[in-house]
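Enquirer: Please read through the structure below; I'll follow up with questions.
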Amino acid sequence: MTVTEPKPSYKYVGTRPVRHDGLEKVTGRARFAADLNMSGQLHGIVVRSPHAHARITSIDTSEAEAMAGVKAVITGDDFPAVEPGHRQYDMCVNVIARDKVLYEGHALAAVAASTRDQAQAAAAAVKVEYEVLPAVLTIDQALAPDAPVLHAHMMTAGADPPAEEPSNIPNITRFSSGTDMDAGFAEADLVIEREFTTQPVHQGYIEPHACVADTGQDGHTTIWCSSQGHFNVRSSTATLLGWENTRIRVIPAEIGGGFGGKTTIYLEPLAVALSAKAGRPVKMVMTRDEVFRATGPAPGTKLRIKLGVQSDGNLVAGDAYLIYTNGAYAGPGGLLGAMTVFESYKIPNFEIEALDVVINTARSAAYRAPAAPLTAYAMETMLDEVATELGIDAMDLRLRNAVAEGDPSTMGFPFARIGFVECLEAVRDHPHFTAPLGPNQGRGLAAGYWFNIGESSSATVNLNEDGTATVVTGSPDIGGSRASMALMAAEELGIDVYDIRPVVGDTEAVGFTDVTEGSRATFATGMAVVEACRKMVVELRGRAAKMMGADVDEVDWVDGQAVYTGSDGDKDPLPVAAICAKAKRTGGPLTATGSLEAHGAGPGFAVHLCDVEVDSETGVVRVVRYTASQDAGTAIHPSYVEGQIQGGVAQGVGWALNEEYIYDSDGVMENPSFLDYRVPVASDLPMIDAIIVEVPNPAHPYGVRGVGETGIVPPIPAVANAIYNATGCRIRDLPMSPVRVLEAITANGGSNGA
Amino acid sequence: MLSAMKYASPTTVAEAVGLLGSEPDARVYAGATDLIPQIRAGRPEPSVMVDLKRIERLCAISSSGSTYTVGAATPTADICAHAGLAAAFPGLVEASGLIGSDQIQSRSSWGGNLANASPAADTPPSLIVNDARAVIAGPGAERTVAAADVATGPGATSLGPGEIIVEFELDEPPARTADAYLRLIPRTEMDIAVVGAAARVTLDGDGKVASAAIALGAVAPTVVRVPDAEAALVGNEPAGDALAAVGAAAAAAANPIDDKRGTVAYRRQVAGVLARRAVSIAAERARERGGQS
């Protein structure tokens, strides 16, 4: 750990207790959504499109409805009509198609039956007639002048001049420094321009989407599901059904990985509609094949960047043209790419244009620092090239240009305290940085940035009669956040961390809380917990004052007990348990809440160093050493900060080396399994050395910055730069699979000396 | 799915053969590590699944001193743990250990790996370079064929209706002989060969190659022997030009396809590389074994 300044001496924050949910998980007893079964439960199966692009001319469910065990069949007609322009139009027609299917795997009907086999048989018996339309499968096809248009209503937002005809470009984002770009590039001694292409990748969570919905005679429903945000499941489901939020209660199950992919919904409204129609609980669990075909890829891209650099290494101009495809619907890829591409470096003259493009593939979903790993791939490999070209050390080049407190961001606001330079220095000073390399090995350096977000969070702290505490929040725990909530509450209240039970409350048990996304849970929900605890401490001091016969101003809260500081002689301190025991006589139950819209999520920076060994005759790349620094502000639970860093690296290495969606010429996915969609296995990775840098975030009571996402940003360029240093080959297409690496080595004149 | 099927677990070969003859779409399985995923992926369900693991002869390893007999359903975990096999056929045993995870290892078998007839299977190239023989039982008399003659194409075999592989016979290798197997996978584990290469080399007293066998997997509908590579080695030291010729011959013999796992060009190039490397490893092992047999 690299600590940049003395921090307060904490008793609990910064320690590493066993997580409260840990034992149940490692013993296999934790309940995930698919583990839940209800009496009388039916099984729901989705009917999906075999075509990438088609108009639905008819759906005949009569045969399916007559089959053994079938209790309900639904189609888009069972939901309220939704028109373009509706706030959640894309989500609604993605969950269940209406007149058109826009990708292979698009849901268009669902069946509930007594057994899963019966439901599958009935789903196969739903007769759908299609008018098959030409499919648009690549960015180039989508932008071709004669391209089939996916959405007749799609007029490009941000087009200049304004769009008059529909196209496959939902929006264009532009940012610029407002300076003279030609003059900027004229100041440069070196100008390089490079293009990159990348394919969609999946988040690869191990747990498929799953839910159970039980709709009662009163028209109210309860949903048990795996998601990153059950309040979002509630509101999205309500929107699709045309219901009020109050008719839906969502109970979060344990979540088996999300990485952004469970910030949207797929199954829940279908399960509710089937349950309402059948009058029985309905369970739906996706297969892995469905997860790949119909959920969450991160966008594929085409990126073109031009950089102008002076001979001393100063970046003077940057021009970026970024195209993101978000699958069949509009998405935020382009905007997020534009927000991240130049953010880490001081570039006085810049211009960014970013397009989103729709194609006939699954609607993309968020994936850990969405868009940023790809802009980093382009930018950080180009910086490496600049360093080589100018004869400047790659680390020095980054230190020279790195943003620091007060520097303007792409969107103009100045950065508050950030830890980019500290992260660079932590890697520079690590033994790995100067360790010798073996034969056929190369080392790559890369940095990454993610802005992190705040949003709404709620927490309730209840003190129990025995002096223990329950901390209820609305943030599904996808990375150890419950342990962090308990640690912050322990620090505030002075109660032992194991005497605090951190739980995730359902939509009727805690105040509104946004999705666990943007690395916000420990930051924002943590702030709500701290707020609730601080109110509780005020209450505890008041109760103690009553018990002592003192004034509240004469009572301090010190290390879990009320201490009298007045001048009326000595009074025994009152521990929390003693106050709880007398609560009935001092004012009743002890409960406090915190609810807030969190601002000031501190941006996260990371710097990674990767050693690879390349077999120049087969193109196989093995990652043999990896060191990653990241600014956590303050690490509440260092083990889970390290875990987030290591997890980000693992996913980023997979993205770099092997992961990609492969489609046939009709847009049918060819690799919808973990056999042919290759996430890394444990033996593919070395132990990842995580360096936690702590530059406190001034906006958080403990200095927290979110850590969940930034760790996936640098790995792709770190691996790419390492491959270059091992082979002399720059690979600008992902993934850098053995086939592609061998092609590059062969094109470069063969062996690297193996 | 997996609902209406019957399950049978015969304890003798005759009983198994009888069950197979009694139902037109009966399927045998040894580990079922291919069959169950195939059914889950939508292949038609067999009416009865005949489990071969309860037949003692199919799960036994024995040696007569000059010949090893290995039951066709013997778990590859048992094969990997067998000191005699590991010493005599190190490449074949390594190939056996590459099939799937530890859990799969307790189920997977040579018989299943060969009869499933996947072009990318790991053990057939090694069985073939070691001249393994498959003993086949069926409605007629037991017959013995070269392991090389069992698979005839992707998913297709020369096994007749009601026939099963009972066991494999492998002759103890002569002196100064050893084998090796290498495969290319993008990951380090849990993957399917993009290219596989097995080699067996017998050296003479001067360290030159007396005989060689080279077979490639995943580059053609069935395992490909590379006689040109074998001929290039015989009479030469397994080094330099002879090895280069092995690589060129293997690349030329490969007849792969473009698919999601690799391209034609890639597979050809890597077939040459792996064949050359497998020969080097086999030759080194043969030198180490010296006069033992």
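The values are calculated or read from the model by the stated rules, or taken from the named source; none is laboratory data. Not measured: the values here are computed from a predicted model. So basically every Cβ, Gly included, is an ideal-geometry build from the backbone, and we count neighbours across all protein chains shown. Quick note on the areas: whole protein, heavy atoms, side chains included, nothing else; ligands and nucleic acids left out. Shrake-Rupley method; radii C 1.70, N 1.55, O 1.52, S 1.80 Å.
Enquirer: Does segment A:25-69 come out rounded, prolate or oblate, given a ≥ b ≥ c as the square roots of the eigenvalues of its C-alpha gyration tensor, rounded meaning a/c under 1.5 and, failing that, prolate meaning a/b above b/c?
Expert: Verdict is oblate for segment A:25-69.
Enquirer: OK, next. Taking segment B:177-289, how much of its Cα-Cα pair set, in percent, is spaced more than 24 angstrom apart?
Expert: 21 percent
Enquirer: Assuming R0 = 51 Å, what is the FRET efficiency of B:Lys6 and A:Asp77, from their Cβ-Cβ distance, to the nearest 0.05?
Expert: Once rounded, the FRET efficiency stands at 0.75.
Enquirer: Suppose a student asked you for the relative contact order of chain A, using Cα pairs under 8 Å spaced at least 6 residues apart; what percent would you report?
Expert: This gives 15 percent for chain A.
Enquirer: Another question, then. Gap in Å between the Cα centre of segment B:219-280 and the Cα centre of segment A:195-225?
Expert: 47 Å
Enquirer: With no solvent and one point per C-alpha, what does the Debye sum give as log10 I(q)/I(0) for segment A:519-566 at q = 0.13, 0.15, 0.17, 0.31 Å⁻¹?
Expert: Here the Debye-derived log intensity ratios amount to -0.37, -0.45, -0.53, -1.04.
Enquirer: Counting only heavy atoms of the protein chains, get the accessible area per residue of segment A:455-598 (1.4 Å probe) and round it to a whole Å² value.
Expert: 39 Å²
Enquirer: Over the whole of B:264-270, what's the average partner chain Cβ count within 10 Å per residue? Rounded to a whole number, please.
Expert: 4
Enquirer: Nearest 5 percent is fine: what portion of the DSSP beta bridges confined to chain A is antiparallel?
Expert: Around 75 percent of the beta bridges assigned by DSSP in chain A are antiparallel ones.
Enquirer: Something else: With all pairs of different alpha carbon atoms counted, what Kirkwood hydrodynamic radius in Å does segment B:57-171 show?
Expert: 13.9 Å
Enquirer: Residues of segment B:51-66 with the amide nitrogen closer than 20 Å to a label point 7 Å from the Cα of B:Glu169, along Cα-to-Cβ, please.
Expert: What the label zone holds, given the 20 Å backbone N cut-off, is B:56-66.
Enquirer: Provide a whole-number value for the mean count of partner chain Cβ atoms within 10 Å of the Cβ atoms in peptide B:181-191.
Expert: Neighbouring Cβ atoms belonging to other protein chains average 5 per residue here.
Enquirer: If you average the sequence gap of Cα pairs under 8 Å that are 6 or more apart and divide by the length of chain B, what percent do you get for the contact order?
Expert: Worked out over chain B, it gives 16 percent.
Enquirer: Hey, another quick one. From the Cα trace of segment B:128-247, what convex hull volume per residue do you get, rounded to a whole Å³?
Expert: Each residue corresponds to 134 Å³ of Cα convex hull volume.
Enquirer: Need one word for segment B:6-51: rounded, prolate or oblate. Basis is the Cα gyration tensor (sqrt eigenvalues a ≥ b ≥ c); a/c below 1.5 gives rounded, then a/b vs b/c decides.
Expert: oblate
Enquirer: Scan around B:Ile61 for amide H atoms under 5 Å from its own, H built in the peptide plane at 1.01 Å from N, and keep only partners 5 or more places away or cross-chain.
Expert: Residues meeting the amide H criterion: B:Gly71.
Enquirer: Once the other residues with Cβ under 11 Å from the Cβ of A:Leu437 are scored (Lys, Arg +1; Asp, Glu -1), what is the net sum?
Expert: So the surrounding residues net to 0.
Enquirer: Rounded to the nearest 500, what is the 222 nm mean residue ellipticity of chain A from helices alone, with -39500 (n - 2.57) per DSSP H run of 4+ residues and division by all residues?
Expert: Rounded to the nearest 500, it is -8000 deg cm²/dmol.
Enquirer: Averaged over its residues, how many other protein chain Cβ atoms are within 10 Å of peptide A:733-739's Cβ atoms?
Expert: 3
Enquirer: What spacing in nm lies between the two simple spin-label points modelled at A:Thr434 and A:Lys584, each 7 Å away from Cα in the Cβ direction?
Expert: Result for the modelled spin labels: 6.9 nm.
Enquirer: Given labels modelled 7 Å from the Cα in the Cβ direction, how far is it in nm from B:Asp228 to A:Leu675?
Expert: Simple spin-label model gives 3.2 nm for this pair.
Enquirer: Tell me, how many Å apart are the Cα centres for segment A:495-549 and for segment B:84-152?
Expert: Segment A:495-549 and segment B:84-152 have Cα centres spaced 62 Å from each other.
Enquirer: Give me the number: length gained by fully extending A:Asn464 to A:Ala68, i.e. 0.36 nm times residue separation minus the C-alpha to C-alpha distance, one decimal in nm.
Expert: My answer for the length gained is 137.4 nm.
Enquirer: For chain A, which cysteines have no disulfide-compatible partner, meaning no other cysteine Cβ under 4.7 Å?
Expert: A:Cys92, A:Cys423, A:Cys533, A:Cys580, A:Cys610, A:Cys729
Enquirer: Right, another one. Compute the longest continuous run of chain A that contains no exposed trypsin sites (Lys or Arg not before Pro); treat a site as exposed when its DSSP state is not H, G, I, E or B and it has at most 11 other Cβ atoms within 10 Å.
Expert: That gives A:88-754 as the longest site-free run.
Enquirer: Follow-up. Computed FRET efficiency, Cβ-Cβ of B:Ser22 and B:Asn255, R0 30 Å: what is it to the nearest 0.05?
Expert: The pair B:Ser22/B:Asn255 has a calculated efficiency of 0.15.
Enquirer: Sticking with this structure for a sec: Run the quick spin-label model on B:Arg287 and B:Arg54: label points 7 Å from Cα toward the beta carbon, then report their separation in nm to one decimal.
Expert: With each label point 7 Å from Cα toward Cβ, the separation is 5.2 nm.
Enquirer: Also, quick follow-up: Looking only at GluC sites (Glu not before Pro) in DSSP loops with at most 15 other Cβ atoms within 10 Å, what is the longest site-free stretch of chain A?
Expert: Excluding the exposed sites themselves, the longest stretch runs over A:1-163.
Enquirer: Based on DSSP H runs of at least 4 residues, each adding -39500 (n - 2.57), what is the mean residue ellipticity at 222 nm of chain B after dividing by all its residues, to the nearest 500 deg cm²/dmol?
Expert: Helices in chain B give a 222 nm mean residue ellipticity of -9500 deg cm²/dmol.
Enquirer: Can you compute the radius of gyration and Dmax for segment A:53-167, using only the Cα atoms, both in Å?
Expert: That works out to 17.4, 59 Å for Rg and Dmax.
Enquirer: Next up: What are the ³J(HN,Hα) values, in whole Hz, obtained from phi via the Karplus relation 6.51 cos²θ - 1.76 cosθ + 1.60 with θ = phi - 60°, for each residue of segment A:673-680 in sequence order, with x given for Gly and Pro?
Expert: Listing the rounded values in order: 8, 6, 6, 9, 9, 8, 6, x Hz.
Enquirer: Quick check on segment A:199-249: take the gyration tensor over C-alpha atoms, sort the square-rooted eigenvalues as a ≥ b ≥ c, and tell me if it's rounded (a/c under 1.5), prolate or oblate.
Expert: Verdict is prolate for segment A:199-249.
Enquirer: Also, I was wondering about something else. Above 43 angstrom, tally the Cα pairs of the protein assembly as shown and express them as a % of all pairs, no decimals.
Expert: 46 percent
Enquirer: Whenever you get a sec, compute what percent of the accessible area on segment A:405-534 sits on carbon and sulfur atoms (1.4 Å probe).
Expert: 51 percent
Enquirer: Using only Cα positions of chain B, each an equal point scatterer, no hydration layer, compute I(q)/I(0) via Debye at q = 0.14 Å⁻¹ and quote the log10 values to two decimals.
Expert: -0.99
Enquirer: Would you mind getting me the FRET efficiency between A:Val18 and A:Thr246? Use the beta-carbon distance for r and R0 = 56 Å, nearest 0.05.
Expert: 0.90
Enquirer: Now, a different point. With solvent modelled as a 1.4 Å probe, how much accessible area in total do chains B and A shield from it at their shared surface, in Å² to the nearest 100?
Expert: That pair of chains buries around 2000 Å² in total.
Enquirer: Next question, about the same structure. Give the Kirkwood hydrodynamic radius (Å, one decimal) of segment B:1-97, defined as one over the mean of 1/r across all pairs of different Cα atoms.
Expert: Taking every pair of different Cα atoms in segment B:1-97, averaging 1/r and inverting gives 14.9 Å.
Enquirer: Follow-up question, since we're still on this one. Test of understanding: what is the full-extension gain from A:Asp664 to A:Val149, defined as 0.36 nm times their sequence separation minus their Cα-Cα distance?
Expert: Roughly 183.4 nm would be gained on extension.
Enquirer: Then there is this: With the full set of protein chains in place, find how many percent of the accessible area of segment B:6-51 is carbon and sulfur; take the probe as 1.4 Å.
Expert: 55 percent
Enquirer: Below 10 angstrom from the Cβ of A:Gly419, what's the summed charge of the other residues (Lys, Arg +1; Asp, Glu -1)?
Expert: So the environment of A:Gly419 carries a net charge of -3.
Enquirer: Between segment A:141-163 and segment A:22-71, what's the alpha-carbon centroid distance in Å?
Expert: 36 Å
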